[in-house]
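Participant: Mind having a look at this structure? Questions to follow.
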């Protein structure tokens with residue numbers, strides 16, 4: 001019997017995982033990556049002996065990664081070594097308060113009793129809310145698109161949704177469980193993991209801090225790009241053809257169904273299915289239609305990479321220096337569509353501490369190429385260093401040997417994501433959070449969507465879940 005062919009547009013994490021799963025299922029697969037390297041936003045940058053991860057800096061839900069490799073007939077541990085993080089992060093506040101968010105419960109409870117003894121019970125109650133949301137998500141949201149008909153077991157699982165706190169506003173839920181302003185700011189940070197504001201997101205996102213604490217945060221020995229390298233090796237071992245510098249110009253259709261793609265070089269590749277691993281907003285353009293815009297876009301980031309003359313002493317692998325006014329910061333980003341006057345700054349210092357990944361949230365819904373001129377970059381850099389100074393972070397500017405800057409404009413160009421938005425639509429309100437673009441294109445048969453801008457959303461584990469959903473749907477639909 002003739003083997004069926006699939007073309008995957010985009011060699012990010014979702015595209016590689018989809019290609020590997022389809023290859024293991026017996027499909028002839030070609031992955032076309034527009035850029036020079038695979039990995040999408042999970043990538044690297046190197047100069048003068050310094051190497052940086054330019055995307056995610058930790059992972060959660062390690063079983064999702066193991067399941068992805070296992071579906072392709074491989075062992076995750078043969079390619080990637082996970083390093084548990086403890087503490088998960090150090091938090092620094094504008095009033096000089098600082099503490100570690102310890103991964104071991106006894107350590108964290110000791111910290112809680114020291115900084116906010118009245119919030120110990122609230123912490124457990126908040127985690128319980130997240131646990132209930134996780135149980136429901138595991139049985140439903142993580143396994144299939146909301147646009148698919150639920151199974152009887154999934155309907156039963158929905159009965160356990162915590163209606164009282166689970167469907168309200170995220171920040172109001174945090175304020176209910178915590179009285180300490182420091183803990184309120186800490187736990188309000190988690191919607192930013194999916195590019196959103198805690199003041200506009202649903203309380204269902206309490207699942208994110210629960211997952212991180214219950215199952216741990218992990219670094220990867222040698223950097224997170226090892227995950228990409230592992231997937232590339234596994235896919236190639238299955239016979240998947242992996243192409244870089246192979247930008248797709250359009251998806252070709254016939255009688256309402258995909259029949260292949262055409263590259264910008266003019267080469268045509270036939271296909272029975274086409275999987276788009278890119279911003280879901282751009283699929284219409286590939287189909288020759290006017291693009292439909294998201295209701296509202298998630299945040300982007302202003303990222304600086306620094307290679308230092310000597311390692312910084314006394315810093316954690318992950319540090320957050322919070323702004324003085326969190327609500328005002330998000331108003332600047334989402335209401336005024338500009339880089340905040342006083343940004344919260346995240347610093348990742350992996351390994352020896354002589355390479356730093358420094359990030360602040362930025363709007364992802366502007367004309368990034370116009371907004372991010374030389375003066376804007378310089379001013380954003382100044383504000384970031386001012387917040388680090390106010391947070392008591394060591395001054396390392398005189399030791400910088402290598403520096404690179406990633407603005408929303410650069411993200412937009414490098415990863416073909418409008419405005420530099422990292423996660424597509426934001427998660428403001430239940431519709432945006434749970435009715436993301438479907439994994440199955442509604443207009444053209446045989447076109448599927450995978451990645452952080454589609455269901456079930458942003459973040460490395462959910463991108464891999466997206467690949468599992470797409471591979472299952474192709475197996476059920478394309479017989």
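The values are calculated or read from the model by the stated rules, or taken from the named source; none is laboratory data. Quick caveat: nothing in here was measured; it's all calculated off a predicted structure. FYI the Cβ positions are ideal-geometry reconstructions off the backbone, even for glycines, and counts take in every protein chain you see.
Participant: Take residue 419 and decide whether it is assigned to a helix (DSSP H, G or I), at positive phi and either in contact (Cβ under 8 Å) with a residue 12 or more places away in the chain or surrounded by 21 or more Cβ atoms within 10 Å (Cβ to Cβ) (or both).
Facilitator: So residue 419 fits the description; yes.
Participant: Of the residues 193, 199, only one is in contact with a helix residue (DSSP H, G or I) (Cβ under 6 Å, 6 or more places away or on another chain), at pLDDT 95 or above, part of a helix (DSSP H, G or I) and not assigned by TED's automatic domain parsing to the domain that holds residue 455; which?
Facilitator: 193
Participant: Report those strands (runs of 3 or more DSSP E) wholly inside region 286-368 carrying at least 1 residues which are over 20 Å from residue 97 (Cα atoms) and in contact with a strand residue (DSSP E or B) (Cβ under 6 Å, 6 or more places away or on another chain).
Facilitator: Those strands (runs of 3 or more DSSP E) span 300-308, 355-362.
Participant: Quick one: is residue 262 farther than 22 Å from residue 323 by Cβ, touching a strand residue (DSSP E or B) at 6+ places or on another chain (Cβ under 9 Å) and part of a helix (DSSP H, G or I)?
Facilitator: Taking the combined requirement at face value, the residue does not satisfy it.
Participant: Still on this model: Does region 422-460 hold any residues that are in contact with a strand residue (DSSP E or B) (Cβ under 7 Å, 6 or more places away or on another chain) and assigned to a helix (DSSP H, G or I), and which are they?
Facilitator: Matches in region 422-460: 429, 430, 432, 433, 460.
Participant: Quick check: anything in region 127-139 part of a loop (DSSP other than H, G, I, E, B), over 19 Å from residue 465 (Cβ atoms) and either without any contact (Cβ under 8 Å) to a residue 40 or more places away in the chain or touching a helix residue (DSSP H, G or I) at 6+ places or on another chain (Cβ under 6 Å) (or both)?
Facilitator: Checking region 127-139: not a single residue is part of a loop (DSSP other than H, G, I, E, B), over 19 Å from residue 465 (Cβ atoms) and either without any contact (Cβ under 8 Å) to a residue 40 or more places away in the chain or touching a helix residue (DSSP H, G or I) at 6+ places or on another chain (Cβ under 6 Å) (or both).
Participant: How many residues are in a loop (DSSP other than H, G, I, E, B), over 15 Å from residue 315 (Cβ atoms) and either in the same structural domain as residue 350 (by TED's automatic domain parsing) or touching a residue at least 60 places away in the same chain (Cβ under 8 Å) (or both) when one looks only at region 71-85?
Facilitator: Total meeting the criteria: 6.
Participant: Residues in region 274-311 that are over 20 Å from the mean Cα position of the chain (by Cα), within 30 Å of residue 95 (Cβ to Cβ) and crowded, with 19+ Cβ neighbours inside 10 Å: how many?
Facilitator: Final tally of qualifying residues: 2.
Participant: Can I ask one more? From the list 23, 55, which one is assigned to a helix (DSSP H, G or I) and buried (at least 21 other Cβ atoms within 10 Å of the Cβ)?
Facilitator: The match here is 23.
Participant: Okay, moving on. I'd like to check something: does region 384-403 contain any residue that is buried (at least 22 other Cβ atoms within 10 Å of the Cβ), outside the structural domain of residue 449 (by TED's automatic domain parsing) and assigned to a strand (DSSP E or B)?
Facilitator: Checked region 384-403: no residue is buried (at least 22 other Cβ atoms within 10 Å of the Cβ), outside the structural domain of residue 449 (by TED's automatic domain parsing) and assigned to a strand (DSSP E or B).
Participant: Here is a further query. So is residue 425 surrounded by fewer than 16 Cβ atoms within 10 Å (Cβ to Cβ) and within 30 Å of residue 455 (Cα to Cα) or not?
Facilitator: So residue 425 does not fit the description; no.
Participant: Next up: Among the residues of region 235-285, write down those that are at positive phi and touching a helix residue (DSSP H, G or I) at 6+ places or on another chain (Cβ under 7 Å).
Facilitator: Selection gives 239 alone.
Participant: Sticking with this one: For region 58-73, which positions are at negative phi, buried (at least 18 other Cβ atoms within 10 Å of the Cβ) and in contact with a helix residue (DSSP H, G or I) (Cβ under 7 Å, 6 or more places away or on another chain)?
Facilitator: Those that are at negative phi, buried (at least 18 other Cβ atoms within 10 Å of the Cβ) and in contact with a helix residue (DSSP H, G or I) (Cβ under 7 Å, 6 or more places away or on another chain): 59, 60, 64, 65, 68, 69, 71, 72.
Participant: If only one of 423, 448, 415 is closer than 21 Å to residue 261 by Cα and touching a helix residue (DSSP H, G or I) at 6+ places or on another chain (Cβ under 6 Å), which one is it?
Facilitator: Checking each option against the conditions leaves just 448.
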